1. For L37, L110, L131, L49, what ranking results if the residue with the fewest other Cβ atoms within 10 Å of its Cβ goes first?
2. What does the net charge come to around L24 if you take all other residues with beta carbon closer than 12 Å to its beta carbon, with K and R at +1 and D and E at -1?
3. Order of T71, T111 from fewest to most other C-beta atoms within 10 Å?
4. Check cross-link reach from K25 to the aspartates and glutamates: straight Cα distance under 15 Å, and skip same-chain residues fewer than eight apart.
5. Which one, F114, A54, G78, is farthest towards the positive end of the dipole of the range 37-136 when Lys and Arg carry +1 and Asp and Glu -1 on their Cβ?
6. What's the FRET efficiency of E34 with H75 using the Cβ-Cβ distance as r and R₀ = 22 Å, to the nearest 0.05?
7. For R88 and K61 in one chain, what is 0.36 nm times their gap in residues minus the Cα-Cα distance, to one decimal in nm?
8. Give me K23, K51, K61 ranked fewest to most by other Cβ atoms within 10 Å of their Cβ, as a rough exposure proxy.
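Each value in this text was obtained by applying a stated rule to the coordinates, not by laboratory testing. Just so it is clear, the structure is predicted and the values come from calculations on it, not from any experiment. Cβ placement follows ideal geometry from the backbone for every residue including glycine, while neighbour counts extend to all protein chains displayed.
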Amino acid sequence: MTRQWRDEWGPLAKGKATQRQIKLKRIYQARSAEDGLRVLVERLWPRGLTKERAAVDRWLKEVAPSPALRTWYGHDAGRWQEFARRYREELRQRREAVACLRQQSRRGVLTLLFASRDAAHCSAAVLKEFLETEAD
């Protein structure tokens with residue numbers, strides 16, 4: 001991750017944790033006032049979508065599953081549990097990017113944007129759960 005990227009998010013605050021406000025939303029859905037900061041958490045830009053229509057505030061490729069993991073999973077429901085386990089392992093190695101998302105979720109509403117049609121079995125759902133439950 002570059003220093004410029006970190007600077008855009010601002011310094012990470014130390015101290016007392018507050019309630020996280022994290023939402024999931026398919027990127028093809030229209031922006032709403034309740035979205036807060038909209039962060040695309042996909043490695044690839046969603047097909048057929050312009051940047052204007054996407055209304056993305058940040059694109060954080062660093063927290064997306066690795067290309068190898070994404071290819072292995074292939075949205076095969078039979079691999080979901082193993083995919084989620086492996087993805088959580090990858091997230092534990094991406095401390096800085098995860099910390100930035102956690103910090104933002106404490107500042108206000110954070111909406112994780114994803115492209116998958118299956119909201120229950122997408123990487124953003126694993127990421128949201130990880131941000132809400134894993135220790136800082």
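1. L49, L37, L131, L110
2. Its environment carries a net charge of +1.
3. Ascending number of Cβ neighbours within 10 Å: T71, T111.
4. Leaving aside aspartates and glutamates fewer than 8 places away in the same chain, those within reach of K25 are E34, D35, E42, D57, D118, E129.
5. Farthest along the dipole direction, towards plus: A54.
6. Calculated value: 0.20.
7. 8.2 nm
8. Going from sparsest to densest Cβ surroundings: K51, K61, K23.
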